[in-house]
1. Give me the distance between the Cα centres of the stretch 1-43 and the stretch 200-246, rounded to whole Å.
2. Given points 7 Å out from each Cα along the Cα-Cβ axis, report the Val176 to Asp206 separation in nanometres with one decimal.
3. Which of rounded, prolate, oblate describes the stretch 79-206, given a ≥ b ≥ c as roots of the alpha-carbon gyration tensor eigenvalues and a/c under 1.5 marking rounded, otherwise prolate only if a/b is larger than b/c?
4. Report, in deg cm²/dmol and to the nearest 500, the calculated mean residue ellipticity at 222 nm for the chain, where each DSSP H run with n ≥ 4 adds -39500 (n - 2.57) and the sum is divided by the residue count.
5. Calculated FRET efficiency, Asp152 and Glu45, Cβ-Cβ r, R0 30 Å, to nearest 0.05?
6. Please compute the per residue accessible area over the chain with all protein chains in place, 1.4 Å probe, rounded to a whole number of Å².
7. Can you give the extra length, in nm with one decimal, that the chain gains between Arg63 and Met1 once fully stretched, where that is 0.36 nm per residue apart less the Cα-Cα distance?
8. Based only on the alpha carbon positions, what is the Kirkwood hydrodynamic radius of the stretch 205-293, in angstrom?
Amino acid sequence: MIKITVPATSANLGIGYDTLGMAVSLYAHFTFDRADKLVITGCPEEFQNADNMVYQAFEYALRAWGEQPFPIAIGIDTEIPVARGLGSSSTCVVAGIMGAAALTDHTVTREELVALATELEGHPDNVAPAILGAAVCSFTPAGQLPRCLRYDVSPRLRFITIIPPYEVHTADARKVVPQEVPLSTAVWQMGRIAGLTRGLETGNLDLIAAANDDRLQEPYRRHLIPDYDAIRETCLTGGAKTIWISGSGSTLMAVTDDTIVAKFLQVRLRERFPECAVHILTSDTEGAQIEYL
C-alpha cells in the first residue's frame, strides 16, 4: 500500500493572480492499493466512483504513460475543506498522479508532476507549491512546460487562516474579475509581486504588507465573501500586518511573525466568528510526500 500526503495551498497571495502560490501546513492524506474493483473511501458517497478527481488523475497519468488503467482502492483522509480556496482539488490531482506512478513503478520527476497536474488543473499556481513546497511563482511559455520559481518562506511567519462555513466556487470568482485592465494597473501589480516574494523569503512584514495591495482580483472577489470586511478589520486591529483572500476564497489568510499575536488573534476570531474554522499555519517546505506502508 502507498500513502501520499499533499499540503494545502494558498494561491494568488493577494498580488500574484494566477501566478503565485504557497504550500501551507494543512494536509490531505491518500492511500492507494491494487484491488479487484474500484473502491473509494473517506469522501461523500456521490464521489465514490470513477468520476472521483483522484481516480481521474490516476487514469490520466497512466494513459499519458501508455498504460491501461486498473482497479484500485483509494482511501482519503483530508484536513482541507472543499471549495474554500485552499487547493483541495489540487491535492486530489497530485495524489492521483503520484499514486499511478507508485503502483506502476514509474519514475516521475517533480517537473513532470507539475506538467501533468497543470494539464488537469489548467493553472500551475496551486499544483506547483503542492508538489514543490514553499512559495512558487509559475508561468507557462507558449508551447512549453510550466516554469516554476521556488522561494523559501521565512519560518518566522505565521499565517492565521480563517475558513468560513460557505463556499466560493472558482468559476463564480473568475466571472467577477475584469478581463482587461489599464496599463497602470499592470505596472502596479508587477513590482509588488517581486516585493511580496522577497518579503516572504526574508520574513520582512513591512515589505509583505506594502506589496500586498492588489488591484486585479481582490477588490472584486471580496464582495463574494460576506464576512470579508469584518474579518479583515479584526485581523488588522488584532496585530496582523496584512491579509489576503486565499485562492478564490472564501478562506482569508492574515500574516504575522509573532506567535503570541497569532494565538491572541486566533482566540479573538473564534469568539467573533464562531462558525469559522481558524488555524495558525506555517509554510510547508517539503511539498507532496510518498511512503510505502
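1. The stretch 1-43 and the stretch 200-246 have Cα centres spaced 25 Å from each other.
2. So the label points at Val176 and Asp206 sit 3.4 nm apart.
3. Rounded, since a/c falls under 1.5.
4. That calculation yields -11500 deg cm²/dmol at 222 nm.
5. Taking R0 as 30 Å, the efficiency between Asp152 and Glu45 is 0.15.
6. Here the per-residue accessible area is 45 Å².
7. Net length gain for the segment: 20.2 nm.
8. Details: mean 1/r = 0.0692 Å⁻¹.
After inverting the mean inverse Cα-Cα distance, the result is 14.4 Å.
The values are calculated or read from the model by the stated rules, or taken from the named source; none is laboratory data. None of the values given here were measured: they were computed from a predicted structure. Here Cβ is always computed from backbone atoms with ideal geometry, including for glycine, and neighbour counts include all displayed protein chains. These accessible areas exclude ligands, DNA and RNA; they are computed on the full protein's heavy atoms, side chains included. Shrake-Rupley method; radii C 1.70, N 1.55, O 1.52, S 1.80 Å.
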